[in-house]
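S.K.: Shown below is the structure under consideration.
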Amino acid sequence: LGFDPVVTKEILITNANTPYIEIEMKPSNIQLDDVVVEASRFRQREESPLSLRSIGIKEIEKSPGGNRDISKVIQSLPGVGATPANRNDIIVRGGGANENRFFLDGVEIPNINHFATQGSSGGPAGIINVDFVRELDFFAGAFPANRGNALSSVLDFRLIDGNKDRLKTRATVGASDLALTLDGPIGDKSSFVFSVRRSYLEFLFDLIGLPFLPTYNDIQFKHKIRFNQNNELSFIGLGAFDVNRLNLSANETESQRFILKYLPTNDQWTYTVGAVYRNFFKNGNQTLVLSRNHLNNVSQKYQDNIEAPTNLNFDYASNEIETKIRYEYVTRQGAWKFLYGAGAEYNQYTNYTYNKLFFNAQVVEFDYETELDFYSYSAFTQISRNLLAERLLVSAGARIDGNTYSEQMSNPLEQFSPRISASYALTNKWSLNANTGRYYQRPAYTTMGYRDIAGNLINKDNRLRYKYTDHFVVGVENKPNPNSRFTVEGFYKLYNDYPFSISDSVAISSKSADFDVFGAEAVLSIGEGRTYGVEILYRNTDLWGSNITTSFTLFRSEFKDSKEVYIPTAWDNRILFNLTATRPLPKNWDIGFKWRYVGGAPYTPVDLERSSLRQAYDVTGRTYLDYDRFNSERLAPSHQLDVRVDKAFFFNKWSLMLYLDIQNIYNFKSQQPDQYINEDKDGNVVIENPTAPLNEQRYVLRKLENTGSGTVLPSIGIMIEF
């Protein structure tokens, strides 16, 4: 009897800090006379024997092109799709950007990005300060039963504890922000970590003449109290305040004026606070989590950016508030592991929307308010066991979810979510793994609270339901030595009851989120789709002194249109390839590179006939897509090389860390869809028929020069720790 050996992820150690870590050990239930056991660096969970990748702090800190941003770092993993340079959408195995869930030490947070796209998960920059992160578990499938409301991925962050012997300070100048992190003891039994960050993008963008000026701020904290060996309490918080203003003086080029015509101003703030109580006993533990999160999102747009009441095209203010409680109980009884628990939420959503729309050949003023509140509830269980002399691991679980929004969602048995995983050790180094399960997700608040022009909750009237997907995953894994891992996984995901846009006749998952509010439209729960493919991953933490990760994904992502024909989603890149290598050198130098190849994404051509109508163009400031030809065109593939160099200096009582990160070092220009503007080359608005009645007048639309997107992007980072 004893414990199975464990190799942790890398621990960041400098002269200025003393790390304290907790290592979760799994009891060993077999007693042998003589045995040699090697611990692998690659951990396997009973509930998720495949589709789970763990990332340590070193990979996060020093990922080439990552700039210490989690959303960019995980793009090196198989199945994780590419996004434009200004977006942090998480696209996993062809699923939508709103199908992911995030947890910080067990506390769920709604989004991990600044300037979050409401109704989705994207944004341009990460909220989480990686100074807090010890390790990340990334689930692309085989979700444990205690992690619900996800269809494509779960990101489970484990945070560091504060220094227990003295105060430690880290000051950072990053690629886009300034940060200050403090951690240290509070008495004998508790510690804290606290950070504050502010971006300097507003000044940088103004200097280089960009037409928008974003500023983001965030704070994060963790306070942990260890009452005794068996009881601990953690308080966790995360907050952000983001402001985007237009730089109206940056209007000299047609590309600047194009952006100024449609981009709104935006104020957004969000916070999550939570308390996590954990009680440890002989064969397990129990956890109680209380949390509250709040998103406030305000946006406005005036025609021609002239702030007059008659020019107001869009005015939006919304709040999403969740108050949650969750209980989990885990115990081991011999070869058995039992997990069960339950959760409840109080959900609140408010929305004020004023929007000018071009509808039925005329401009319509769309104005509504929503105040929505309801309760959500869940229960879950999972049982795991080793069989056949520990060669076979089986884990089966189930989850139920429901809420009081409507009759269609109130019965939790209608959202019964079974799952089962198995792993069979073919040899000491080869294993065969499989998982299948059904996973449910509640629709976005923007969809649940949407009202039609008559003020009705039209989607509630349309019998909106939970959407769900069935996963089928099988894979083979080889661990030739403790430092390396090779996996091949095939996956097939079937989507049902997905919100289907009534106006555009496509499933809303097929659309690109961009920076607009996502999901605020009339839908029917009739969408059907599928994603399928194969992933190959090879990782070696010590290949001739280098840390190597290479991944290849071949996949398809498609949903049915109104004619029951499968069409590609916005995420259907089909081919993803990544090669990342980092290497430590003498005298505290590190070097690394990442090369990424991404297949071309589909896109929808512009509806020039509709877009040229003066009234139609004026209410949006840009062209309309032709949904009759939805995603019928495809961009060319893209690729780029990112390189990074790190240097650390360790002094008696303080440390200095420097890095140079260069993204897209050979300046590849990725193809972009054509854009059109209602101006000539001199910036004059041109009307084709100025003497016609207003509702018949048309602009002369001119195609903008399309040289592609992408530039060499160097950044320097400085970290001082004492």
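The values are calculated or read from the model by the stated rules, or taken from the named source; none is laboratory data. These figures come from a predicted structure and were not determined experimentally. FYI the Cβ positions are ideal-geometry reconstructions off the backbone, even for glycines, and counts take in every protein chain you see.
S.K.: Looking at (1) assigned to a strand (DSSP E or B); (2) surrounded by fewer than 16 Cβ atoms within 10 Å (Cβ to Cβ); (3) polar (S, T, N, Q), which one does Ser249 not meet, given that it meets all the others?
M.R.: If we test Ser249 against (1) assigned to a strand (DSSP E or B); (2) surrounded by fewer than 16 Cβ atoms within 10 Å (Cβ to Cβ); (3) polar (S, T, N, Q), just (1) comes out false.
S.K.: Looking at region 643-656, is at least one residue aliphatic (A, V, I, L, M), surrounded by 13 or more Cβ atoms within 10 Å (Cβ to Cβ) and touching a Pro at 6+ places or on another chain (Cβ under 7 Å)?
M.R.: Yes, that holds for at least one residue.
S.K.: Which number in (1) within 29 Å of His223 (Cβ to Cβ); (2) under 22 Å from the mean Cα position of the chain (by Cα) marks the one condition that Ser120 misses?
M.R.: Looking at each condition in turn, Ser120 falls short on (1).
S.K.: What's the total number of residues in region 690-722 that are of a type in the set (Phe, Trp, Tyr) and either under 32 Å from the mean Cα position of the chain (by Cα) or in a helix (DSSP H, G or I) (or both)? Can you show your working first?
M.R.: Of all residues in region 690-722, those of a type in the set (Phe, Trp, Tyr) come to 699, 722.
Cutting the leftovers down to either under 32 Å from the mean Cα position of the chain (by Cα) or in a helix (DSSP H, G or I) (or both) gives us none.
Qualifying residue count for the region: 0.
S.K.: Continuing with this model, one more query. Are there any pairs with C-beta distances below 9 angstrom linking a residue in region 446-475 that is on the phi > 0 side of the Ramachandran plot to a residue that is hydrophobic (A, V, I, L, M, F, W, C), with the two at least 6 apart or on different chains, and if so which?
M.R.: Filtered contacts from region 446-475: Arg463/Leu524.
S.K.: From the residues in region 224-274 that are in contact with a Gly (Cβ under 6 Å, 6 or more places away or on another chain) and of a type outside the set (Val, Ile, Thr), which one is farthest from Ile109 (Cα to Cα)?
M.R.: Ala250
S.K.: So, one more: Could you count how many residues in region 71-125 are under 26 Å from Pro144 (Cβ atoms) and in contact with a helix residue (DSSP H, G or I) (Cβ under 7 Å, 6 or more places away or on another chain)?
M.R.: 8
S.K.: Still on this structure, I have one more. Taking region 680-722 on its own, how many of its residues are in contact with a Lys or Arg (Cβ under 8 Å, 6 or more places away or on another chain), buried (at least 16 other Cβ atoms within 10 Å of the Cβ), at pLDDT 95 or above and over 30 Å from Thr181 (Cβ atoms)?
M.R.: Total meeting the criteria: 3.
S.K.: As an exercise: evaluate Ala444 against (1) touching a helix residue (DSSP H, G or I) at 6+ places or on another chain (Cβ under 6 Å); (2) under 30 Å from Glu369 (Cα atoms) and give the number of the one condition it does not meet.
M.R.: (1)
S.K.: Next question. Could you grab me the full set of residues in region 405-425 that are in contact (Cβ under 8 Å) with a residue 40 or more places away in the chain and closer than 21 Å to Arg391 by Cβ?
M.R.: Those that are in contact (Cβ under 8 Å) with a residue 40 or more places away in the chain and closer than 21 Å to Arg391 by Cβ: Ser421, Ala422, Ser423.
S.K.: Among the residues of region 570-588, is any over 24 Å from Ser505 (Cβ atoms) and in contact with a Pro (Cβ under 6 Å, 6 or more places away or on another chain)? Step through it out loud before you land on a result.
M.R.: Taking region 570-588 as the starting set, the residues that turn out to be over 24 Å from Ser505 (Cβ atoms) are 575-588.
Still in the running and in contact with a Pro (Cβ under 6 Å, 6 or more places away or on another chain): none.
No - not one qualifying residue is present in region 570-588.
S.K.: Let me ask another. Please verify whether region 175-193 includes one or more residues that are more than 30 Å from Tyr676 (Cβ to Cβ), among the small types (Gly, Ala, Ser), without any contact (Cβ under 8 Å) to a residue 40 or more places away in the chain and in a loop (DSSP other than H, G, I, E, B).
M.R.: Yes; the residues of region 175-193 include at least one that is more than 30 Å from Tyr676 (Cβ to Cβ), among the small types (Gly, Ala, Ser), without any contact (Cβ under 8 Å) to a residue 40 or more places away in the chain and in a loop (DSSP other than H, G, I, E, B).
S.K.: Name the single residue that is farthest from Tyr368 (Cα to Cα) among those in region 309-353 being at pLDDT 95 or above and among the aliphatic types (A, V, I, L, M).
M.R.: Across region 309-353, the extreme among qualifying residues is Val330.
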